[in-house]
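This report concerns only the one structure given below.
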Amino acid sequence: MVKFNAAGCSQFVSDTRYKEYLSKAVRALDVVEKESGEGNDFLGWKHIPSQMTEDILSGCEAVRDSWKAKGVDIVVVIGIGGSYLGAKCAIEALSHSFASEIRKDGDAPRVVFAGHNLSEEYICELMDFVQNGNVACVVISKSGTTTEPAVAFRIMKQFIEKKYGKKEAAERIVAVTDKARGALKSLSTQEGYRTFVIEDNVGGRYSVLTPVGLLPICLAGFDIRAMIAGALEAEKQCESTSVEENPALQYAAMRNLLYDEGKKTEILVSFTPKLQYLGEWWKQLYGESEGKDLKGIFPASVVFTTDLHSMGQYIQQGERTLMETVVTVKNSNRSMIIESDAQNLDGLNFLAGKHVEHCNAMAQLGTKLAHIDGGVPQLEVSIERLCEKELGGIFYFFEKACGISGYMLGVNPFNQPGVEAYKKNMFALLDKPGYEEQSKEIRKRL
Ligand code: PA5
């Protein structure tokens, strides 16, 4: 279960101010619950856990089983932004760190990602990798028109059709997209692909608990039912109007208070490399939801202790506009004790008999105290361990807190008008039909 701890902020803000912001958070929660704020047509994510259907869960499992029966060993998942980061985050967090290197027959297929960039080298290397594999593909795009995944999918579709023939290709490609609109939807209907729907009222960055995230996570061999069970627990926890019981209220209140006190950058910190992509997913969620109308906390992320040796200096002594939100995983899934060494040439016998994770915990505590001393408030979000259930919980927690926090800030947390600017320029520069005027205008600027 997700817990929030604000003790590391007590030197920076008064109790009275925190209580004031908690009351503001309760009012913002009311706007989310009553669906009375801007962007209220994008609140479909709120009840995804409690309204999850057996059709969706068993539909994902059916794709997994049918591809297993074909011996599929590589699944290419194509998508970008909200159609990529949630699945990438969960798969990284749940997989063995060396999964590719120690793979055995019978293991779940390797899930690799494409369509999240336009690098020619990346796509060529992906094609090198899939060349001799038993390949299937999931293409994910809510709009069905995003350029990056569309380009990757054209290449992957042609490869799969060439390798297996058109009929078999239709069994090896699944699309996750809008129920009626977009090029991907019409293409899927035409080609007879199995499809999963992204509902109109769920924005990309709030879609990890829909088939957008669930299907790739299931294909990678993880338990999506447990993930939804964890999210359901968080859904209940985060609808409470009690500031003691609802961690989303506490987190939203404290980060907004600190922002108003001049802490303009929030760094999401974890002490396990498996959570690197939690930072990436969270950055999209908060950056895209809050960074607008010339406002918003800038979201950054680091993995400690690794980045203490690169970013640690700045965090300790650079510009004092930072706050840190540390995601603590209370229990390690594995155990390794540091043994005593008769010669003790490395001088490490003071650690003999201790778990490596104990050293990690002491590094975390030491960092917390150092950063607080250095002027960086510490917010803490904790989960019990890295597993499907806890991840489902933390996904839902951050989504709910983001909705509350965005309304506290005074923005619409569910739109992303700024994302269009680069696309318009790119289409003009690529001479996309319909952009003739913009093409002429943009070339004058070059
Ligand atoms: O959160 C969002 O809406 C975006 O990040 C989208 O997920 C991203 O741009 C991909 O869009 P689509 O799923 O329509 O291809």
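Positive-end ranking of VAL381, ILE442, CYS60 along the dipole of the chain, with charges on Cβ about the Cα centre, is headed by ILE442. Extension gain, ARG181 to ILE337: 0.36 nm times the residue separation minus the Cα-Cα distance gives 50.6 nm. Taking 15 Å as the cut-off, the amide N atoms of region 160-194 that come nearer than this to a point 7 Å along the Cα-to-beta-carbon line of THR53 belong to 177-180. Calculated translational diffusion coefficient of region 303-372 (25 °C, 0.890 mPa s; Stokes-Einstein with Kirkwood radius over alpha-carbon pairs) equals 173 µm²/s.
Which of the cysteines in the chain are isolated, no other cysteine C-beta under 4.7 Å? When partners are defined as cysteine Cβ atoms under 4.7 Å apart, the chain leaves CYS9, CYS89, CYS124, CYS137, CYS238, CYS359, CYS387, CYS402 without one. Neighbour counts of C-beta atoms inside 10 Å place PHE196, PHE98 in the sequence PHE98, PHE196, starting with the fewest. Panel order for HIS355, HIS309, by other beta carbons found within 10 Å of each beta carbon, from fewest to most: HIS309, HIS355.
Each peptide in 324-333, 420-429 was scored by the mean count of other Cβ atoms within 10 Å over its residues; highest first, the order is 324-333, 420-429. For the peptides 368-381, 390-403, residues were scored by their other Cβ atoms within 10 Å and the scores averaged per peptide; the highest-first order is 390-403, 368-381.
Rg then Dmax, both in Å and based on the Cα atoms of region 119-275: 20.2, 61. The charge dipole of the chain, taken about its Cα centre with unit charges on the Cβ atoms of Lys, Arg (+1), Asp and Glu (-1) only, comes to about 860 debye.
For the pair CYS124 and THR16, a Förster radius of 56 Å applied to the C-beta separation gives a FRET efficiency near 0.40, rounded to the nearest 0.05.
Backbone N atoms of region 224-253 closer than 16 Å to the 7 Å Cα→Cβ label point of GLU61 belong to residues 224-230.
Looking at the chain, send over the antiparallel percent of its DSSP beta bridges, to the nearest 5. Working shown, then result.
Details: 5 of 42 bridges.
Beta bridges within the chain, antiparallel portion: roughly 10 percent.
Using Cα-only point scatterers and the Debye equation, what is log10 of I(q)/I(0) for the chain at each q in 0.13 Å⁻¹, rounded to two decimals? At q = 0.13 Å⁻¹ the computed log10 ratios are -1.23.
Calculated on the alpha-carbon coordinates, the convex hull of region 94-166 measures out at 128 cubic angstrom per residue.
Per residue, the convex hull spanned by the Cα atoms of region 199-265 measures out at 135 cubic angstrom. Round to the nearest 0.05 the FRET efficiency obtained for PHE298 and ASN425 when R0 = 25 Å and r is the Cβ-Cβ distance. Using R0 = 25 Å, I get an efficiency of 0.60. Sorted fewest first by neighbouring Cβ atoms within 10 angstrom, ILE297, ILE78, ILE48 come out as ILE297, ILE48, ILE78.
Considering all C-alpha pairs of region 277-321, those separated by over 16 Å amount to 51%. Size of region 191-310: Rg and Dmax of its alpha carbons, in Å, are 17.1, 55. Suppose the Debye formula is applied to equal point scatterers at every Cα of region 1-73; what is log10 I(q)/I(0) at q = 0.22, 0.25 Å⁻¹? Summing over Cα pairs of region 1-73 leads to -1.04, -1.10.
The trypsin sites (Lys or Arg not before Pro) of region 169-198 that meet both conditions, a loop assignment by DSSP and at most 16 other Cβ atoms within 10 Å of the site Cβ, are LYS179, ARG181. Applying both filters, DSSP loop and at most 10 other Cβ atoms within 10 Å, to the trypsin sites (Lys or Arg not before Pro) of region 33-78 eliminates every site.
Kirkwood radius, region 52-181, all distinct C-alpha pairs, inverse of mean reciprocal distance: 15.4 Å.
Put simply, the C-alpha atoms of region 32-83 give a gyration tensor, and the ellipsoid matching it has half-axes of 33, 16, 5 Å, longest first. For ILE56, what charge total do you get from the other residues with a beta carbon under 12 Å from its beta carbon, if Lys and Arg give +1 and Asp and Glu give -1? Overall, the nearby charge balance is -3. Rounded to 0.05, the FRET efficiency of the HIS355 and SER97 pair, given R0 = 22 Å and the Cβ-Cβ distance, is 0.80.
Read the figures in this text as sums done on the coordinates, not as results from a lab. Note that the structure is predicted; figures quoted are calculated from it, not measured. Cβ sites come from the backbone with ideal geometry, for glycine too, and all protein chains shown count toward neighbours.
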